[in-house]
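Report on the following structure.
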Amino acid sequence: MDLAAAYRLVALEGWDDLIYSHISASVPKEPSHFLINPFGFAFDEVTASNLVKINQAAEIIGDSPHSVNVTGFALHAALHAARPDTVCVLHLHETFAIAVSAQQAGLLPLSQHALRFEGEIAYHDYEGLAFTPREGKSLVRALGTKTTMLLRNHGLVVLGRTVAEAYVLAATLLAAQSGSVALHRPRDKVIALAAEQLRDGGAVEGVAEWPALLRKLDRLSPEFRS
């Protein structure tokens, strides 16, 4: 249910890209099995019942009338394999994220939202439309132990220990996007302090926010539970 909710919330915010980009989640107690959106569906059409179960090779598990975007899942597969601590991989082609990813300086520590990612955001250079095994290795290497990445000229990737955490981190990142000309930067000491405070000792994010977001969906788009 949470995965379907994340798709609907992304659609409500206008962060989706027609039928492209994905949010994947590992299936509890089923190693190397994942849930993902049916290819060809808009994010606001995703429900708990039409999510598709796949394996690491994007092969469909069980009966499903839907197909999946095998090429699109390749990025997710590389990250899930490299980071078994990750439950959810969220990848979006959001306009502001693309714009900031294309700036040489990337995300600057110019707002409280941005300070959450100080020293915790990775960058990966664009390598073309087709995602290859070689790029998978370079992507994993660039990400390291971080949970957030800007894909240069492409979009964003967020890893979460829960679906809720991945969504809330993405929402925070998208609120943090900033330009790079004639802006005021906080003092380095303040940046370091605020970044540590905002990460709250590694607490799982989304615990407090997710129930409120689900209530919002229940008001606006309750069919996601179907």
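The values are calculated or read from the model by the stated rules, or taken from the named source; none is laboratory data. Values in this document were obtained by computation on a predicted structure and should not be read as measured data. So basically every Cβ, Gly included, is an ideal-geometry build from the backbone, and we count neighbours across all protein chains shown.
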Check your understanding: Do we find a residue being over 18 Å from Leu79 (Cβ atoms), without any contact (Cβ under 8 Å) to a residue 24 or more places away in the chain, assigned to a loop (DSSP other than H, G, I, E, B) and in contact with a His (Cβ under 8 Å, 6 or more places away or on another chain) anywhere in region 27-50?
Key -> yes
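Looking only at region 108-145, filter to residues that are β-branched (Val, Ile, Thr) and within 19 Å of the chain's Cα centre (by Cα); which one of those is surrounded by the fewest Cβ atoms within 10 Å (Cβ to Cβ)? Reasoning before the result, please.
Of region 108-145, the ones β-branched (Val, Ile, Thr) are 121, 132, 140, 145.
Retained after the next criterion (residues that are within 19 Å of the chain's Cα centre (by Cα)): 121, 140, 145.
Details: Ile121: 19, Val140: 15, Thr145: 8.
So the residue we want is Thr145.
Please tell me if Ser24 is of a type in the set (Gly, Ala, Ser), free of Cβ contacts under 8 Å to residues at least 40 places away in the same chain and touching a Phe, Trp or Tyr at 6+ places or on another chain (Cβ under 7 Å).
Values: of a type in the set (Gly, Ala, Ser): yes; free of Cβ contacts under 8 Å to residues at least 40 places away in the same chain: no; touching a Phe, Trp or Tyr at 6+ places or on another chain (Cβ under 7 Å): yes.
Considered against the rule, which asks whether it is of a type in the set (Gly, Ala, Ser), free of Cβ contacts under 8 Å to residues at least 40 places away in the same chain and touching a Phe, Trp or Tyr at 6+ places or on another chain (Cβ under 7 Å), Ser24 comes out as no.
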Review point. From the set of residues in region 91-107 that are surrounded by 21 or more Cβ atoms within 10 Å (Cβ to Cβ) and small (Gly, Ala, Ser), which is farthest from the chain's Cα centre (by Cα)?
Key: Ser101
Check your understanding: So is Ala78 touching a residue at least 60 places away in the same chain (Cβ under 8 Å), more than 27 Å from Gln197 (Cα to Cα) and more than 16 Å from the chain's Cα centre (by Cα) or not?
Key -> no
Practice item. Would you point out which residue out of Ile98, Ile54 is at pLDDT 95 or above, outside any loop (DSSP other than H, G, I, E, B) and among the β-branched types (Val, Ile, Thr)? Key: Ile54
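When the residues of region 28-42 are narrowed to those that are within 14 Å of Met1 (Cα to Cα) and not polar (S, T, N, Q), which ends up modelled with the lowest pLDDT? First the steps, then the outcome.
The first filter runs over region 28-42 and keeps only residues within 14 Å of Met1 (Cα to Cα), leaving 28, 34-37.
Retained after the next criterion (residues that are not polar (S, T, N, Q)): 28, 34-36.
Numbers: Pro28: 93, Phe34: 97, Leu35: 98, Ile36: 97.
Looking at residues that are within 14 Å of Met1 (Cα to Cα) and not polar (S, T, N, Q), I get Pro28.
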Revision key, fill the gap. With criteria (1) crowded, with 23+ Cβ neighbours inside 10 Å; (2) over 16 Å from Val158 (Cβ atoms), Cys88 comes up short on (2)
